[in-house]
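A.B. asks: Here it is, the structure, as structure tokens.
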């Protein structure tokens with residue numbers, strides 16, 4: 001199942017109409033680190049192998065792009081993926097409460113990367 005962020009990455013690819021996006025571009029658009037984007041892209045690429053309608057193409061020094069192999073099938077797949085993501089996505093208020101509670105319970109400082117992995 002895709003995470004909400006991975007789904008946002010898919011939507012960014014769709015909005016670019018087959019142009020390549022760099023990890024830096026994606027990180028800037030989603031306000032996360034390049035490292036986070038690279039992790040998400042790896043997971044998105046693995047996820048795309050479950051579908052015959054699209055794939056993630058990566059070209060060194062150019063970036064990556066979403067390649068739609070079958071438009072009709074992709075439309076159906078995208079609707080199903082969107083339903084899964086929406087059903088699984090925690091609402092922002094509960095996530096914020098969880099993060100505050102988590103941080104208050106910690107004895108040491110936590111980095112943004114550590115926090116992203118936990119919440």
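The values are calculated or read from the model by the stated rules, or taken from the named source; none is laboratory data. Keep in mind that what you see is a predicted model, and the values were worked out from it rather than measured. Please note: Cβ atoms are built from the backbone with ideal geometry, for glycine as well, and neighbour counts cover all protein chains shown.
A.B. asks: Of the numbered conditions (1) loosely packed, with under 14 Cβ neighbours inside 10 Å; (2) assigned to a loop (DSSP other than H, G, I, E, B), residue 2 satisfies every one except a single condition; which is it?
C.D. replies: For residue 2, the exception is condition (1).
A.B. asks: Determine whether residue 14 is in contact (Cβ under 8 Å) with a residue 24 or more places away in the chain, in a strand (DSSP E or B) and in contact with a strand residue (DSSP E or B) (Cβ under 9 Å, 6 or more places away or on another chain).
C.D. replies: Numbers: in contact (Cβ under 8 Å) with a residue 24 or more places away in the chain: yes; in a strand (DSSP E or B): no; in contact with a strand residue (DSSP E or B) (Cβ under 9 Å, 6 or more places away or on another chain): yes.
Against the criterion (in contact (Cβ under 8 Å) with a residue 24 or more places away in the chain, in a strand (DSSP E or B) and in contact with a strand residue (DSSP E or B) (Cβ under 9 Å, 6 or more places away or on another chain)), residue 14 does not qualify.
A.B. asks: Turning to a different aspect of this structure: Condition first: touching a strand residue (DSSP E or B) at 6+ places or on another chain (Cβ under 8 Å) and exposed (fewer than 14 other Cβ atoms within 10 Å of the Cβ). Now tell me which residues in the range 17-48 satisfy that.
C.D. replies: Hits for the range 17-48 are 18, 19.
A.B. asks: Next question. In the set 51, 74, which member is at pLDDT 95 or above and surrounded by 14 or more Cβ atoms within 10 Å (Cβ to Cβ)?
C.D. replies: On the way: 51 fails: at pLDDT 95 or above.
Exactly one residue qualifies, and that residue is 74.
A.B. asks: Residues of the range 57-66 being surrounded by 14 or more Cβ atoms within 10 Å (Cβ to Cβ) and in contact (Cβ under 8 Å) with a residue 24 or more places away in the chain, which ones?
C.D. replies: Scanning the range 57-66 gives 63, 64, 65, 66.
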